[in-house]
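Below is one structure, written out as structure tokens, with a few remarks after it.
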Amino acid sequence: MVSLNGVTKDYRLGRTVVNAVKGIDLEINEGEFVSICGPSGSGKSTLLNLIGCLDMPTTGTIRIMGEDVSRLKDFALSKLRNNHIGFIFQMFNLIPVLTAYENVEYPLLIHGMKRKERQARVSRMLDEVGLNKFIKHKPDELSGGQRQRVAIARALVTNPKIVLADEPTANLDSQTGIEILELMKRINEEHKTTFIFSTHDPKVVRYAKRVYNITDGRINS
């Protein structure tokens, strides 16, 4: 499902080169529930961006569902992301002027899906995350946990093979964070969707079936 071989990522800040990711080898199989754990600045968000094809490695090879992403043109990369990868962000990244329903519907509009099928999918996903009573609410009318549930529904509505969650509980209180993790775990088990999430919170790690610890851009064996 996800394979990284000798992956590095360097950023240039003025005259300084920052080695954010340093020679990572990683294999993640279909249906896994994986945590990438490390402190702030360890490289975990950079690693998720590389897996999500939001960024390209400086060196090394990344294969997503067998595709060497470095060989794909922009259109093919966009198609891979849109069709097979869902994203959940710690800041939710919802569109403030849209309702919960419209936020979840938005990726399907980009896909050009017909209205009847869109309605069925959005309604099903909002029901699955427990928000069918809040479909007309805008983000500022929802709690943090409810906003993250909208973000999860939006990530899943296209039926992706992989969902990447960057610090999905960082802006939630402890109990709400546990509820979100339980929801993600249930969806992983029921739909066999591969979840890869980053965290710096040791309490979150116990939910993962497999944990990778990253420090200073390297996976610790």
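Once you compute Rg and the Kirkwood Rh from C-alpha atoms, what is the Rg to Rh ratio for the chain?
On the Cα set of the chain, Rg over Rh gives 0.97.
Using the alpha carbon gyration tensor of the stretch 140-221, what are the three equivalent-ellipsoid semi-axes (square root of 5 times each eigenvalue), largest first, in whole Å? Each step should come with its number before you reach the end.
Numbers: eigenvalues 93, 55, 27 Å².
Sorted largest first and rounded, they come to 22, 17, 12 Å.
Give the shape of the stretch 1-75 as rounded, prolate or oblate, defined through the alpha-carbon gyration tensor: a ≥ b ≥ c are the square roots of its eigenvalues, a/c under 1.5 means rounded, and otherwise the shape is prolate if a/b is larger than b/c and oblate if not.
Oblate, because a/c is 1.5 or more while a/b does not exceed b/c.
For a paramagnetic label modelled at 7 Å from the Cα of Val97 toward its Cβ, which residues of the stretch 124-138 fall within the zone defined by backbone nitrogen distances under 20 Å?
136-138
Test of understanding: what is the full-extension gain from Asn82 to Asn19, defined as 0.36 nm times their sequence separation minus their Cα-Cα distance?
19.8 nm
Where in the chain lies the longest segment free of trypsin sites (Lys or Arg not before Pro) that are both loop residues by DSSP (not H, G, I, E, B) and have at most 15 other Cβ atoms within 10 Å?
16-72
Which of the three applies to the stretch 32-101, rounded, prolate or oblate, going by the alpha-carbon gyration tensor with a ≥ b ≥ c and a/c under 1.5 meaning rounded?
Oblate shape, in that a/c is at least 1.5 and b/c is the bigger or equal ratio.
Please compute the Kirkwood hydrodynamic radius of the stretch 95-137 from all pairs of different C-alpha atoms, in Å with one decimal.
In the stretch 95-137 this quantity evaluates to 10.4 Å.
Modelling each spin label as a point 7 Å along the Cα-to-Cβ direction, I'd like the Glu67/Tyr106 distance in nm, to one decimal.
Placing both labels 7 Å beyond Cα along the Cβ direction yields 2.2 nm.
Roughly speaking, what is the centre-to-centre gap between the stretch 96-134 and the stretch 1-49 when only Cα atoms are used, to the nearest Å?
Centre-to-centre distance over Cα atoms comes out at 32 Å.
So what is Rg over Rh here for the stretch 85-216, counting just Cα atoms and using Kirkwood for Rh?
Checking Rg against Rh, the ratio lands at 0.96.
Which of the pairs Lys133/Lys209; Lys44/Lys138; Lys9/Lys114; Lys116/Lys136; Lys114/Lys185 have their Cα atoms more than 28 Å apart in this structure?
Those over the limit are Lys133/Lys209; Lys44/Lys138; Lys9/Lys114; Lys114/Lys185.
What's the extension gain from His137 to Lys116 if we count 0.36 nm per residue and subtract their Cα-Cα distance?
Roughly 5.4 nm would be gained on extension.
Take the Cα coordinates of the stretch 21-142, assign each an equal point scatterer, and use the Debye formula without solvent to give log10 I(q)/I(0) at q = 0.09, 0.10, 0.11, 0.17 Å⁻¹.
Taking Cα atoms of the stretch 21-142 as identical point scatterers yields -0.35, -0.43, -0.52, -1.06.
So which aspartates and glutamates can Lys22 reach, going by Cα to Cα under 16 Å and dropping same-chain residues fewer than 8 places off?
Asp10, Asp55, Asp216
Laboratory data are not the source of any read-out in this text; all were calculated from the coordinates shown. This structure is a prediction, so every number in the text was calculated from the model and none was measured. Positions of Cβ are backbone-derived with ideal geometry, glycine not excepted, and every protein chain shown enters the neighbour counts.
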